[in-house]
Amino acid sequence: MSHQAALADSGNIMYYTFGTDGQENTYMGLKTGQNSHVSLMWGQLFDVKTDEIELPYRYTMTVDAGEEARMYDFYPGAFLMTQRLTTALQAAGVDNLQSFACKIKREHTAKEVAGYTTVNVVGRIACAAPTASTSMPLGNSKYYTKLAIDPAKAKGQLMFRLKESPLVILMHESVVKTIEPQKFIGLAFKPITEVTA
C-alpha cells in the first residue's frame with residue numbers, strides 16, 4: 001500500500017470512521033455457511049483458488065415491511081459496495097480493495113439486484129491510543145465506545161481496518177473529501193480524535 005502512503009498529506013493527517021448512517025431499511029443476508037472458512041473481517045488478502053472461495057457470493061435482500069427499498073451504497077456487515085463506490089474509492093487513491101463477484105436476489109420475488117460487488121478491505125493497522133480510548137472486550141477484539149488513534153502509526157494509509165477492532169474501517173480525510181460530494185446514499189463519516197504518542 002505504498003502508493004496510498006505517498007498520496008496522503010503527512011502534514012495534515014485526519015482520519016474518519018467509515019460506515020453508514022443507521023437509517024437503512026434494506027438488508028443483505030449472505031447465504032448461510034457460504035465461505036464460512038474465511039472472513040473478510042480479517043483484512044487478509046485471499047486467493048480464490050488456494051483459499052477455496054466459492055463465487056459468486058450469494059445474498060438475499062430483504063426490505064422493511066410496507067416500505068420502498070432504500071438502497072445504500074455500502075453494507076458493511078455484508079461486505080457489499082456498489083461498483084460506483086469502489087470505482088470512486090480507487091479513483092481517490094485507495095488501492096487495497098479486493099473485489100469478488102456477487103449475486104443478490106430480492107426475497108419473495110427472486111428478482112436480481114445489480115451493481116454491487118463483495119469487497120475485502122485488505123490491511124489492518126494497530127493505531128488505537130489506549131489511554132485516550134474507552135473499550136470493552138468483544139470476542140478476540142474490542143468494541144470502542146470512544147476511539148482515539150495515534151495517526152503516526154497509520155503511516156498515511158488511506159483506508160484500512162483497525163487491528164484492535166476490525167469492525168472499524170478508518171479512512172483518510174483526503175478520501176473523504178473526494179467521495180463525500182458525490183452523494184453516495186447512506187454513507188457516514190465520523191472524525192476520530194488523534195493523539196501523539
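Readers should treat all values here as calculations from the given coordinates under stated rules, not as data from a laboratory. Everything numeric in this text was worked out from a predicted model, so none of it was measured. As a convention, Cβ positions derive from the backbone with ideal geometry for all residues, glycine included, and neighbour counts pool all protein chains shown.
In debye, nearest 20, what is the charge dipole magnitude of the chain about its Cα centre with +1 on Lys and Arg Cβ and -1 on Asp and Glu Cβ, if you could check?
On the way: 19 positive and 19 negative charges, 32 e Å.
So the dipole magnitude of the chain works out to roughly 160 debye.
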Discussion item. Give me the net charge for the shell around Ala188: Cβ to Cβ below 13 angstrom, other residues only, Lys and Arg +1, Asp and Glu -1.
Written reply: -3
Worksheet item: Which lysines, on any chain, are close to Lys163 with Cα under 17 Å apart, when same-chain ones fewer than 8 places away are left out?
Response: Lys142, Lys146, Lys153, Lys155
Worksheet item: How many angstrom separate the Cα center of region 163-197 from the Cα center of region 55-98?
Response: 16
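Sorted by average packing, counted as other Cβ atoms within 10 angstrom per residue and highest first, what order do 185-192, 60-67, 154-161, 172-179 take?
Numbers: 185-192: 15.8, 60-67: 13.0, 154-161: 22.0, 172-179: 19.5.
Result, highest mean first: 154-161, 172-179, 185-192, 60-67.
Do the sum for the chain: with -39,500 (n - 2.57) for every DSSP H run of n ≥ 4, divided by all residues, what is the mean residue ellipticity at 222 nm, to the nearest 500 deg cm²/dmol? Walk me through the intermediate numbers first.
Numbers: 4 runs with 26 residues, N = 197.
For the chain, the value works out to -3000 deg cm²/dmol.
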Worksheet, complete the sentence: Surrounding charge for Ala92, neighbours by C-beta under 12 angstrom, Lys/Arg +1, Asp/Glu -1, total -2
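What does the charge count around Asp21 come to, taking other residues whose C-beta lies under 14 Å from its C-beta (Lys +1, Arg +1, Asp -1, Glu -1)?
On the way: positive: Arg70, Lys183, Lys190; negative: Glu24, Asp73, Glu180.
Value of the local net charge: 0.
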Fill in: Projected-area mean, the chain, by convex hull of Cα positions, square nanometres
11.9
